[in-house]
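Everything on this sheet refers to the single structure shown next.
Just so it is clear, none of the values below were taken in a lab; they were calculated from the coordinates. Please read these numbers as outputs of a predicted model, since none were measured by experiment. Note that we place each Cβ from the backbone using ideal geometry, even for glycine, and neighbour counts take in every protein chain shown.
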Amino acid sequence: MSCPVCGGEAQRAHRPFCSKRCADIDLCRWLNGTYAVPSLDPEDIENAPEEAREIFPAEEKTPQTRH
């Protein structure tokens with residue numbers, strides 16, 4: 001079995017990964033949303049804009065001053 005992150009040989013202690021580093025990389029990808037399971041549920045699609053605004057609030061815009 002090869003490591004899903006780097007393709008190296010999987011090690012028993014970190015299976016299916018080759019090292020703790022690759023296991024941590026994979027975990028980070030899940031936590032930051034790189035991996036996602038798509039949904040075609042109409043309710044999920046309908047609620048997506050509100051949920052996105054909660055996760056990524058708009059940055060407050062400050063007026064630009066010209067010198």
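Report summary: the helix-based calculation at 222 nm, which adds -39500 (n - 2.57) for every DSSP H run with n ≥ 4 and divides by the residues of the chain, gives -12500 deg cm²/dmol. GNM remark for the chain: springs join alpha carbons under 10 Å apart, and the peak mean-square fluctuation among P38, P49, P16 falls on P49. Between the helical axis of 42-55 and the longest alpha-carbon principal axis of the chain there is an angle of about 80 degrees. Rounded to the nearest 0.05, the FRET efficiency derived from the C-beta distance between E50 and I25 at R0 = 30 Å is 0.45. Taking only Cα atoms, what is the 0 to 90° angle, nearest 10, from helix 20-31's long axis to the longest principal axis of the chain? Long axis of 20-31 versus the principal axis of the chain: about 30 degrees.
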